[in-house]
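Contents: one structure, followed by commentary.
The values are calculated or read from the model by the stated rules, or taken from the named source; none is laboratory data. Keep in mind that this is a model prediction, so the values were computed, not measured. So basically every Cβ, Gly included, is an ideal-geometry build from the backbone, and we count neighbours across all protein chains shown. Side chains are part of the model used for accessible areas, which takes the heavy atoms of the whole protein and leaves out ligands, DNA and RNA. Shrake-Rupley method; radii C 1.70, N 1.55, O 1.52, S 1.80 Å.
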Amino acid sequence: MDLSIVILNYNAAAFLELCLNSVLKAVNNIDAEVIVVDNDSTDHSVEMLQHNFPQVKLVANHENLGFSKGNNIGVQHALGDYLCILNPDTIVGESVFDEVLAFAFAKARTSSNTDSP
């Protein structure tokens, strides 16, 4: 898997829905996973995720563990070679992950070519 996207959510269902719509369009041609860690939201975030985005991995915390711990939990579930942490109020362009991964892959090839003796 090339990319894991971790989104930490707390009571931001409306923003999260817009974010996920943009992220899923942007990873359409990428071997990627999207992980949402919910920090015990009291709005309808978890229900919205389960109903509208079954392809998204949901980690539902039973308490608000804060920003750092919440993101670290998402990172622990990530399988991708590259990792992106987003806030739920982020909207990404449709080509952003294609462009970032193309850059990363090119840098990795360049680095491996210069590491040879």
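Take Leu16 and decide whether it is in contact with a Pro (Cβ under 8 Å, 6 or more places away or on another chain) and of a type in the set (A, V, I, L, M, F, W, C).
On the way: in contact with a Pro (Cβ under 8 Å, 6 or more places away or on another chain): yes; of a type in the set (A, V, I, L, M, F, W, C): yes.
In short, yes.
The condition of being among the acidic types (Asp, Glu) and more than 21 Å from Gly93 (Cα to Cα) does not hold for Glu17. Screening Asn21 against (1) surrounded by 12 or more Cβ atoms within 10 Å (Cβ to Cβ); (2) in a loop (DSSP other than H, G, I, E, B) leaves a single unmet condition, (2). The set of residues from region 59-70 being open to solvent by 60 Å² or more (accessible area, probe 1.4 Å) and either under 16 Å from the mean Cα position of the chain (by Cα) or at pLDDT below 95 (or both) comprises Phe67, Ser68, Lys69.
If you go through region 71-95 and keep only what is assigned to a helix (DSSP H, G or I) and open to solvent by 50 Å² or more (accessible area, probe 1.4 Å), you end up with Asn72, Val75, Gln76, His77.
Can you tell me which residue within region 41-57, out of those that are hydroxyl-bearing (Ser, Thr, Tyr) and open to solvent by less than 100 Å² (accessible area, probe 1.4 Å), is farthest from Asn21 (Cα to Cα)? Only one residue fits best here, namely Ser41. Against the definition (outside any helix (DSSP H, G or I), open to solvent by less than 20 Å² (accessible area, probe 1.4 Å) and under 28 Å from Leu101 (Cβ atoms)), how does Val36 come out, yes or no? Considered against the rule, which asks whether it is outside any helix (DSSP H, G or I), open to solvent by less than 20 Å² (accessible area, probe 1.4 Å) and under 28 Å from Leu101 (Cβ atoms), Val36 comes out as yes.
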